[in-house]
Amino acid sequence: MTETIQHAVIIGGSSGIGLATARKLLGLGMKVTITGRNQDKLNSAWKSIGGAAEKAAFDASKPDEVGSFFERLGPFDHLVLAASGGKGLGPFHTLDLTDIGSGVDEKVRPQLSCLQAALPTLNKGGSVTFISAVSAQLAMPGVAGIAAINGMLLTVVPILAVELKPLRVNVVAPGVIDTPWWDFLAEEQRRAIFADYAGKTPVGRIGRAEDVADAIAFLVSNGFMTGQVLTCDGGLRFAA
Ligand SMILES: NC(=O)c1ccc[n+]([C@@H]2O[C@H](COP(=O)([O-])OP(=O)(O)OC[C@H]3O[C@@H](n4cnc5c(N)ncnc54)[C@H](OP(=O)(O)O)[C@@H]3O)[C@@H](O)[C@H]2O)c1
């Protein structure tokens, strides 16, 4: 008997965790489509995985672009939501509260908007995996804003797992992962922050995109997992 090849779509698949997930799911024999806003970045990501994936450039924060992407795409099996902005970090007393709204616009709304637009064509026997952040699960000074943004995704997952059943809905909460997400920091500052987090993390290092990709692949491929938050942080949650 021939098995049908599963098709996974990775929103924000042109960099970091999304790109590592594309590589992982391709390795598992799936068909993969990666997306991102920047066409050049998408092209080089596509080349880095040997041109093995499909690709589409659009902005997940723009509902019309999201709608036409999913209409064009047709039926598929798994949705991985890796797009984000970087707003909301910093001490609460100086936090610009408009950053919380921007963070919702850049991360929460695009992820929810993609899922909503995908529902008519997403295989009910498939899965959706959101990406939140461990910042929403730990009591660490300086992350209240980013926790407020990411906490929304942790909150909706069990509800959607029940409301959208039998579609499986899960979320991964990564710790500190070495990806281009941190490029807003100067090299030296980034290295110092990574070293500090590595020291605080029980496994003694920060994460690699591949660590999180493995966690995502587990949720995508395990048909008995739904409504779950899978924290992939090297134990930082319990030690920070
Ligand atoms: N790295 C960490 O330490 C860490 C920790 C916790 C959680 N996370 C979360 O993990 C997820 C992946 O982050 P990453 O570290 O892999 O970051 P990354 O390397 O910056 O990748 C982000 C990806 O999302 C795409 N993207 C961003 N906004 C988009 C939009 N509006 N429409 C379509 N694509 C969009 C980017 O491509 P374009 O820029 O070309 O659009 C890129 O492909 C994010 O949700 C992030 O918040 C990361």
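A few remarks follow.
- Tabulated pairs, the stretch 120-146, first under 13 Å from residue 91 (Cα atoms) and touching a residue at least 40 places away in the same chain (Cβ under 8 Å), second among the hydrophobic types (A, V, I, L, M, F, W, C) and more than 16 Å from the ligand (Cβ to nearest atom), C-beta under 7 angstrom, 6+ apart or interchain: 144/92; 144/95; 145/95
- Of everything listed in (1) of a type in the set (A, V, I, L, M, F, W, C); (2) modelled with pLDDT of 95 or more; (3) closer than 30 Å to residue 5 by Cα, the single unmet condition for residue 97 is (3).
- Taking the criterion of being assigned to a helix (DSSP H, G or I) and touching a residue at least 24 places away in the same chain (Cβ under 8 Å), the residues of the stretch 208-224 that qualify are 209, 210, 211, 212, 213, 214, 215, 216, 217, 219, 220, 221.
- Exclusive hit being touching a Pro at 6+ places or on another chain (Cβ under 9 Å), closer than 23 Å to residue 33 by Cβ, among the aliphatic types (A, V, I, L, M) and more than 13 Å from the ligand (Cβ to nearest atom), set 160, 122: 122
- Taking residues in the stretch 225-240 that are at pLDDT below 95, and partners anywhere that are surrounded by fewer than 18 Cβ atoms within 10 Å (Cβ to Cβ), the pairs with Cβ atoms closer than 6 Å and at least 6 places apart or on different chains are 239/200; 239/202; 240/140; 240/200.
- Of all residues making up the stretch 97-119, the number that are free of Cβ contacts under 8 Å to residues at least 60 places away in the same chain, more than 12 Å from the ligand (Cβ to nearest atom) and closer than 18 Å to residue 69 by Cβ: 5
- Residue match in the stretch 179-199 (condition: within 15 Å of the ligand (Cβ to nearest atom), buried (at least 17 other Cβ atoms within 10 Å of the Cβ), more than 22 Å from residue 36 (Cβ to Cβ) and among the acidic types (Asp, Glu)): no
- For the condition over 17 Å from residue 113 (Cα atoms) and touching a Lys or Arg at 6+ places or on another chain (Cβ under 9 Å), residue 20 qualifies.
The values are calculated or read from the model by the stated rules, or taken from the named source; none is laboratory data. These numbers were taken from a predicted model, which means no experiment stands behind them. Here the Cβ is made from the backbone with ideal geometry for all residues, glycine too, and neighbour counts use every protein chain on show.
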